[in-house]
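Everything below concerns the one structure shown next.
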């Protein structure tokens, strides 16, 4: 499976497992995808999250509030969840 497809599946799996009430950090996806080298994968993980936000599969939160920024453009820590 192609890297973007693997990461997309992980995002969707995390979102499904957490449901509507709980969020997850993009770093959780990166750690699941590349446990030994997860930090270097964070940009790709956020890019894939951008795509999922754009098509309405995920929403982005900061400090518990929904924001309109894409994951790659948000400043500071973000959380993701199902819309």
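No value in this document is a laboratory result; all are computed from the given coordinates. This one's a predicted model, so the numbers in the text were calculated from it and none came from an experiment. So basically every Cβ, Gly included, is an ideal-geometry build from the backbone, and we count neighbours across all protein chains shown.
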So the angle from the long Cα axis of helix 42-54 to the longest Cα principal axis of the chain, reported in degrees to the nearest 10, equals 50
Helix 3-18 against the longest principal axis of the chain: what's the angle in degrees, Cα atoms only, rounded to the nearest 10?
50
For the chain, the spread of Cα positions along each principal axis, largest first, Å
31, 25, 20
Obtain the nm distance between the two label points defined at residue 27 and residue 67 by a simple spin-label model: each point lies 7 Å from its Cα along the Cα-to-C-beta direction.
1.6
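Relative to the present Cα-Cα distance, how much length would full extension add between residue 54 and residue 1 at 0.36 nm per residue of separation? Could the numbers behind the result be given before it?
Working: separation 53, 0.36 × 53 = 19.08 nm, distance 2.23 nm.
In short, 16.8 nm is gained.
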